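See below for the structure under consideration.
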Amino acid sequence: MISERFTAKRCSGYNYPMGKIILVSNRLATSVKVREGEPTFSPSVGGLATGLSSLHAQEDSLWVGWSGVAEDDITPELSRRIAASLRSEHKSVSVPLTHADLDQFYYGFCNNIIWPLFHYFPTYVEYDNTLWESYVAVNKRFFEQVAELIEPEDYVWIHDYQLMLLPDLVKDAFPDVKIGFFLHIPFPSYELFRLLPWRHEILTGLLGADLIGFHTYDYARHFLSSVRRITGFEHNMAKIMREHRLIKVDVFPMGIDYEKYSTAPDRPEVQDGIKRMRSELEGQRLILSVDRLDYSKGILQRLRAFQRFLETQRDYHEKVSMVMIVAPSRTEVPQYIELKRVIDELVGEINGTYGTISWTPIVYFYRAFPFEELTALYYLAEILLVTPIRDGMNLIAKEYIAANTQKRGVVILSETAGAARELGEALIVNSSNIDEIADSILIALELPL
């Protein structure tokens, strides 16, 4: 029925202009919260929302995703009100998800299977057919919502690991629609990907797209290798022939809205934050660490490296402070709960060992920072410490470079972050080498302007 409706529109004789872009991701760029029965709307955090929000604002587009509110927490009337506000004010369409969906699809399959496996933590993976069935069901629910919006000449741009079955669902119903898919996390080597029981189904889903994008050449190469070995489809010059249809695989390193960050220090509210923080830090030289709570980010290794720096470089005591921002994430996943506990203990141990009445070595925040405060810290920090064990790209490094308009900043960057392929002038480190990171902190502090 969907295909017939689409074909009828195309053949009606009407001269359609170029269509809209339908962006599809697990979460909308606008996050909804309900307090005392009233919804509030705010920008979502995360690299995907940050990277695409400017495009969404400028283009003729609709964004399809979950709003952040479980459907079984609100009344049907409130659900309709939220949907109407999202559509009229934020160019967004919400996909209804329940608490059961979140438990099985999001926390279960996506974050207990795909996330650890694709980030090279296979021992964290819990293979479960019930979770797979939920993943299939939710991808079909996203398809039903997208199908209601598709018109001739539209482009469908699907994002990330939560929706890897969606491209083929859309292509099967709308064979003429141009479909793009972009993976925002690493694609693992074949030796790891083959561990996934549903590996063939995942690849079939992805191959519904006409263009499949990755952050780096390594991820694209791993994907092409898995396609050839698992599905048997050959590739030539990063093009795959599937059933008389050409699928292009390419590399598109994700960027940021450079002007937004480079002009931020000129904004009055950011200037106020800079002045306030300078006063509070009392002349301390500043190292900045910003991450979501995640075992792939190398937060513990970073803390141990700073601890090693303090052990070996006593001349810098009471002269250097590290501001560590850890944004809460997946707070119901056991590994994240344990990680938060260990981080808290290690920060306490370091501050208890080296701190004084007038100096706290690590200023630790377990919350997300608003744009104005974060860009003020970017401007002030002499060092940005970005040492993930594995990261698809890492936009924090790019934001820091853009916002640090004093040109006094040094990035210490893990070689396993996608951004390391582009930011060759950074101090590149092995995220597991504590001594190398500690030495790089000293080098960064002593580099001449």
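None of the figures in this text is laboratory data; all of them are computed from the coordinates on show. Keep in mind that this is a model prediction, so the values were computed, not measured. All Cβ positions, glycine included, derive from the backbone under ideal geometry; neighbour counts span all protein chains shown.
Observations, loosely collected:
- Radius ratio Rg over Rh of the chain, counting only Cα atoms, Kirkwood formula for Rh: 0.99
- Long-range tail of P(r) for the range 190-244 (Cα pairs > 13 Å, %): 59 percent
- Divided by 2.2 N^0.38 Å, where N counts the residues, the Cα radius of gyration of the range 168-287 comes to 1.61.
- Peptides 126-134, 229-237, 303-311 ranked from most to least packed by the mean count of surrounding Cβ atoms within 10 Å: 303-311, 126-134, 229-237.
- Compactness of the range 260-446 - radius of gyration and Dmax, Cα, Å: 15.5, 42
- Extension gain from residue 368 to residue 54, taking 0.36 nm per residue of separation minus the Cα-Cα distance: 111.0 nm
- Difference of contour (0.36 nm per residue) and Cα-Cα distance, residue 199 to residue 342: 48.1 nm
- Filtered GluC sites (Glu not before Pro), the range 49-115: DSSP coil and at most 14 other beta carbons within 10 Å: 59
- In this structure, the residue pairs whose Cα-Cα separation is over 21 Å, taken from 20/171; 33/260; 178/398; 178/248; 275/407, are 33/260; 178/398.
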